[in-house]
Amino acid sequence: MSSLSTGLDLTVEEQAMLAGEHGPAVAMCMRIIVGVARANGAEKLIEIESVHADGTLYHGEAGLDFTEKLVELGGKVKVKTTTNVGSLDLLHPNLVHGDETLMSHGRRLMDAHIALGCEPTWSCAPYQAGHRPAFGSHVAWAESNAIAFVNSVLGARSDRYGDFLDLSAAVTGRVPFGGLHHDAARKAVLVLDFSEIDSRMFSEDAAWAALGVLLGNRAGTRVAAMVGLPGDLSDGGVTEDRLKGMGATSASAGGVGLFHVVGITPEAPTLEAIVTPNAEYLKMTAADVREARDTLSTTTSDKLDAVSLGTPHFSVDEFRALSEVIGDGPKFAEQIDFYISTSRDVMARSKELGYLDVFLNAGGRVVTDTCTYVTPVLNRNVKNVMTNSGKWAWYAPGNLGIDTVLGSLSECVASARAGKVVRDESLWS
């Protein structure tokens, strides 16, 4: 092996990539990868099996210029690469009411990713559409909830990647060997103990959003292990969607890229297997969970304009649960807009299973390819929105200038039917 930069060993093939022998697009991306590796003190690069690209949302000219430059240089992704949400709903274009720049540049950015060979999943939850890396495999995923999920729930290994670095990894098939790719970095330095809380508190999905706030606030960017959470679904236990929601909220409230639920997630059969000897230990209480829940509601008013679910994107199992809650009951109140953000794949499967039509027939609307808190979908007059998503509740007030109310799935349906906020506080007693 030889080194082209102090402390960083590159293979012969990596040197050739950096020198331009694999084309100008690969060389440009390798300069970025090597620069990050050098800045972070990595000793080498490692090969990856897949990428989830986050730079699909139009935030300004820089991201568009970078992606279109890669296309101009003949760039193609080297590994399986799925796409995060974009700025447009390509299947329901009339739902988005952005300005001309957002609409035109957002479309160009999405088109450029396709030209590079990315798979047009347009979802923040690619793991719901079959992109599920194997345990222990090295990947480069961007999008905070996806990073937390692929590390924690699937047990693959990804550090925190973002715009430019994600596509650079996809084009080169390489990332710096650092961060959460290392064994030592995946050990828990914090233990959160929920064993003294009545498991019935965790029977509703909104409680897992509150757990995400607790995890994010207490852990920050540290790796934490959680003990005492119910594992039996009949007793309000863990499901993949609850882990998805908790991880997404923890990555928003903090910077969590990996968490362990002892006895549940794949790297944590026991606490001893994943905890460092000097880990901090915190006992959680029901009051802590309620306080965290309350941070996700910015108003105590019962006024309601809209309901938004699906952040991260709604799964088939969530559509099934929603259809059971809706049943053959009354439609949503005429003045309430009820949105679900989901992927094309999940929408199609939910349609085949009959779940989607139950929601649509009740008066709901489906958003694909994007999400209601990152692109202008909600009516401009909307002021108060209910959700069961901790991530949506965390970001929407700042992004959209609206007030949020966190509720369970059943409370969201009851509220949409009543035309006002309906919550059962006994769930939190």
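Descriptive notes on the structure:
- Filtered residue count, region 365-405, keeping only those that are touching a Leu at 6+ places or on another chain (Cβ under 7 Å) and farther than 18 Å from Val96 by Cα: 9
- Residue selected from region 78-94 under the condition at pLDDT 95 or above and open to solvent by 30 Å² or more (accessible area, probe 1.4 Å), by the criterion nearest to His138 (Cα to Cα): Lys80
- Taken over region 348-381, the criterion of being of a type in the set (Val, Ile, Thr) and open to solvent by 10 Å² or more (accessible area, probe 1.4 Å) is satisfied by Val358, Val366, Val374.
- Within region 245-274, being open to solvent by less than 20 Å² (accessible area, probe 1.4 Å) and touching a strand residue (DSSP E or B) at 6+ places or on another chain (Cβ under 6 Å) holds for Ala248, Phe259, His260, Val261, Ala268, Ile274.
- Listed here are the helices (runs of 4 or more DSSP H) enclosed by region 1-105 that have at least 3 residues being among the small types (Gly, Ala, Ser): 24-40.
- Contacts under 8 angstrom Cβ, first residue in region 134-161 being under 9 Å from Gly257 (Cα atoms), partner of a type in the set (Lys, Arg) and open to solvent by less than 30 Å² (accessible area, probe 1.4 Å), 6 or more apart: Asn145/Lys244; Asn145/Lys391; Phe149/Lys244; Asn151/Arg186
- Residues of region 138-145 include at least one that is open to solvent by 10 Å² or more (accessible area, probe 1.4 Å), of a type outside the set (Gly, Ala, Ser), in contact with a strand residue (DSSP E or B) (Cβ under 9 Å, 6 or more places away or on another chain) and within 28 Å of Asn379 (Cβ to Cβ).
- Residue within region 308-318 that is open to solvent by 10 Å² or more (accessible area, probe 1.4 Å), free of Cβ contacts under 8 Å to residues at least 24 places away in the same chain and not basic (Lys, Arg) present: no
Here's the yes/no breakdown for (1) at pLDDT below 95; (2) open to solvent by 10 Å² or more (accessible area, probe 1.4 Å):
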residue	(1), (2)
Asp183	no, yes
Leu192	no, no
Ile197	yes, yes
Arg200	yes, yes
Glu204	yes, yes
Gly212	no, no
Asn217	no, yes
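- Some residue of region 405-414 being more than 24 Å from Val85 (Cβ to Cβ) and among the aliphatic types (A, V, I, L, M): yes
- Count of region 246-280 residues which are within 22 Å of the chain's Cα centre (by Cα) and farther than 17 Å from Arg218 by Cα: 6
- A count restricted to region 276-298 and to residues that are of a type outside the set (Gly, Ala, Ser) and open to solvent by less than 40 Å² (accessible area, probe 1.4 Å) stands at 6.
- So Asp288, is it under 26 Å from Asp403 (Cβ atoms), in contact (Cβ under 8 Å) with a residue 60 or more places away in the chain and touching a Lys or Arg at 6+ places or on another chain (Cβ under 7 Å): no
- Figure legend. Inter-residue proximity from region 32-57: first residues under 20 Å from Thr82 (Cα atoms) and open to solvent by less than 20 Å² (accessible area, probe 1.4 Å), second residues among the charged types (D, E, K, R) and modelled with pLDDT of 95 or more, beta-carbon distance below 6 Å, spacing 6+ or different chains. Indicated pairs: Ile33/Arg174; Ser50/Lys80; Val51/Asp166; Ala53/Asp166.
- Odd one out for Gly390, checked against (1) within 18 Å of Gly327 (Cα to Cα); (2) of a type outside the set (Asp, Glu); (3) surrounded by 24 or more Cβ atoms within 10 Å (Cβ to Cβ): (1)
- Selected residue [farther than 22 Å from Pro133 by Cα, surrounded by fewer than 15 Cβ atoms within 10 Å (Cβ to Cβ) and not polar (S, T, N, Q)] from Gly7, Gly75: Gly7
The values are calculated or read from the model by the stated rules, or taken from the named source; none is laboratory data. Predicted, not measured: the structure shown is a model, and the values here were computed from it. Note that we place each Cβ from the backbone using ideal geometry, even for glycine, and neighbour counts take in every protein chain shown. Heavy atoms of the whole protein, side chains included, go into the accessibility calculation; ligands, DNA and RNA do not. Shrake-Rupley method; radii C 1.70, N 1.55, O 1.52, S 1.80 Å.
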